[in-house]
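Take a look at the structure set out below.
Bear in mind that the values in this text are calculations on the coordinates, not laboratory data. Keep in mind the model is a prediction, meaning the values are calculated, not measured.
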Amino acid sequence: MEIPFPVQGINKGRASSDQPQGTAYKMQNVRPFWDGRLRGGQRPGMVKWGDGDRVGGAEQPVVAICSVSAVESPS
């Protein structure tokens, strides 16, 4: 049995049993890539941004912070 990798991505417009060729109903942490042939693999992990407890870093300092409050409108 050959099960092709769904290189066309996610399609939630149809039932999982009626997917178009090359699509899947649900995919997590995977992506297609080309290395001489089209195939699938694990999505790379996220890298930590910042330096420990500090937000940003020497090359990307925080330059502005704002605060937003919700105000209840009168009835």
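One decimal place: the segment Val68-Asn29 gains 10.7 nm when fully extended, by the rule 0.36 nm per residue minus the C-alpha distance. With θ taken as phi - 60° and the Karplus curve 6.51 cos²θ - 1.76 cosθ + 1.60 applied, the whole-hertz 3J(HN,Hα) list for segment 25-41 is 7, 9, 9, 9, 6, 10, 7, x, 8, 10, 9, x, 8, 7, 8, x, x Hz, x standing for glycine and proline. In order along segment 2-7, phi translates into HN-Hα couplings of 9, 10, x, 6, x, 6 Hz, rounded to whole numbers, per the Karplus curve 6.51 cos²θ - 1.76 cosθ + 1.60 with θ = phi - 60° and x for Gly and Pro. For segment 1-42, the C-alpha radius of gyration divided by 2.2 N^0.38 Å, with N the number of residues, is 1.18.
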